[in-house]
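S.K.: Just passing along the structure, written as structure tokens.
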Amino acid sequence: AQSVTQLGSHVSVSEGALVLLRCNYSSSVPPYLFWYVQYPNQGLQLLLKYTSAATLVKGINGFEAEFKKSETSFHLTKPSAHMSDAAEYFCAVSRGSGTYKYIFGTGTRLKVLA
Amino acid sequence: DTEVTQTPKHLVMGMTNKKSLKCEQHMGHRAMYWYKQKAKKPPELMFVYSYEKLSINESVPSRFSPECPNSSLLNLHLHALQPEDSALYLCASSQETGGAGELFFGEGSRLTVL
């Protein structure tokens, strides 16, 4: 069975500081991994995805994530936080083509301090 | 056009009412999803349609009735709901390869059941 664990339900960083949001997964098959962002009262928007190509994935808004198979991790980073990054972030995993079930982590609320 | 459009954005209904949520996409996606999201929680899968046929029903109560009239439209018919059904209902679509690609989400319909 697949699962996703996001460590830290709340993360606070100062504006301009490094953002690090943690995601660990378990999967019996090579996973497809995704990071989504959700602003208040909105739907989810894809930040980036890993689909077995490059292990370092660059996404929108300056975010990137590195797939580390040995650590079963897919942590999300951004070198310099901006106030507009304050939102809820979800990591998700799927088993790939032909499946329609995406397993979402419990989410991490990012707060950016001025 | 990379949008998923949901209407209405807000809906208040009594427990005896019948209402519908609507979702539309014009990206040529052949898989469409309904998710339910409670506050501070990740989205929970309800239904998946693939090529206009119901592919997954996550044991959702029969007071929720999905319908996929064509490849671009997805409805969720609501009848005799309970207050605990109040939530954000998200529609999403993906390419027919399912989990190999990302989900495109609409902004959601905020449902309040009185």
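The values are calculated or read from the model by the stated rules, or taken from the named source; none is laboratory data. Remember, predicted model here, so these are calculated numbers, not experimental data. Quick reminder, even Gly has a Cβ in these numbers, built from the backbone with ideal geometry, and neighbours come from all protein chains shown. Accessible surface areas use protein heavy atoms only, side chains included; no ligands, DNA or RNA. Shrake-Rupley method; radii C 1.70, N 1.55, O 1.52, S 1.80 Å.
S.K.: Say we join alpha carbon atoms closer than 10 Å with springs in a Gaussian network model of chain B; which of B:Ser94, B:Ser20, B:Ser59 then has the biggest fluctuation?
M.R.: B:Ser59
S.K.: Any idea what the alpha-carbon Rg over 2.2 N^0.38 Å comes to for chain B? The partial results should precede the final answer.
M.R.: Working: Rg = 13.2 Å, N = 114, 2.2 N^0.38 = 13.3 Å.
Dividing the Cα Rg of chain B by 2.2 N^0.38 Å gives 0.99.
S.K.: If the reach is capped at under 15 angstrom between alpha carbons, list the aspartates and glutamates near B:Lys18, excluding any in the same chain fewer than eight residues apart.
M.R.: Partners found: B:Glu67, B:Asp85.
S.K.: Put a dot 7 Å past each Cα toward the Cβ at A:Lys68 and B:Ser59; how far apart are the dots in nm?
M.R.: 3.6
S.K.: Then there's this: So which GluC sites (Glu not before Pro) in region A:26-114 end up in coil per DSSP with only 10 or fewer other C-beta atoms within 10 Å? It would help to have the intermediate numbers written out before the result.
M.R.: Numbers: sites: A:Glu64, A:Glu66, A:Glu71, A:Glu88; in loops: A:Glu71.
Hits after loop and neighbour filter: A:Glu71.
S.K.: Lys pairs in chain A, Cα-Cα under 22 Å, at least 8 apart or on separate chains: how many?
M.R.: Final tally of qualifying lysine pairs is 13.
S.K.: If one takes the accessible area of chain A alone plus chain B alone and subtracts that of the pair, with a 1.4 Å probe, what total in Å², rounded to the nearest 100, results? Intermediate values should be presented prior to the final figure.
M.R.: Values: alone 6400 and 6350 Å², together 10830 Å².
The A and B chains share an interface burying roughly 1900 Å².
S.K.: Tell me the net charge near B:Leu73. Cut-off is 10 Å between Cβ atoms, B:Leu73 excluded, with +1 for each Lys or Arg and -1 for each Asp or Glu. Provide the component values of the computation, followed by the final result.
M.R.: On the way: positive: B:Lys22; negative: B:Glu24, B:Glu52, B:Glu67.
With Lys, Arg at +1 and Asp, Glu at -1, the net is -2.
S.K.: Build a GNM of chain A with springs between Cα atoms under 10 Å: which of A:Gly59, A:Gly43, A:Gly98 gets the top mean-square fluctuation?
M.R.: A:Gly98
S.K.: Enter the accessible area per residue of the protein assembly as shown (Å², integer; probe 1.4 Å; all protein chains in place). Don't skip to the answer; put the middle values down first.
M.R.: On the way: 10830 Å² over 228 residues.
Value for the protein assembly as shown: 48 Å² per residue.
S.K.: Across peptide B:7-17, how many C-beta atoms of other chains are within 10 Å of each residue C-beta, on average? Walk me through the numbers on the way to the answer.
M.R.: On the way: counts 0, 0, 1, 1, 0, 0, 0, 0, 0, 0, 0.
Across the residues of B:7-17, the mean count of other-chain Cβ atoms within 10 Å is 0.
S.K.: Could you work out how far the C-alpha centroid of region A:66-84 sits from that of region B:1-28, in angstrom?
M.R.: The distance from the Cα centre of region A:66-84 to that of region B:1-28 comes to 33 Å.
S.K.: I need two numbers for the protein assembly as shown: Rg to one decimal and Dmax as a whole number, Cα atoms only, in Å.
M.R.: Calculated on Cα positions, Rg and Dmax stand at 17.7, 53 Å.
S.K.: Here's another thing I want to ask about it. Of all accessible surface on region B:39-114 at a 1.4 Å probe, what whole percent is carbon and sulfur?
M.R.: On the way: 1610 of 3310 Å².
Heavy-atom surface of region B:39-114 belonging to carbon and sulfur, 1.4 Å probe: 49 percent.
S.K.: If you don't mind, there's one more thing I want to ask. Would you mind telling me the share, in percent, of accessible area of region A:13-59 contributed by carbon and sulfur at probe 1.4 angstrom? Please report the intermediate quantities before stating the final value.
M.R.: Details: 1160 of 2200 Å².
Summing carbon and sulfur atoms, their accessible area is 53 percent of the total for region A:13-59.
S.K.: P(r) tail for region A:19-61, what percent of Cα pairs lie past 16 Å? Let's see the in-between values first.
M.R.: Details: 422 of 903 pairs.
So the pairs more than 16 Å apart make up 47 percent of the total in region A:19-61.
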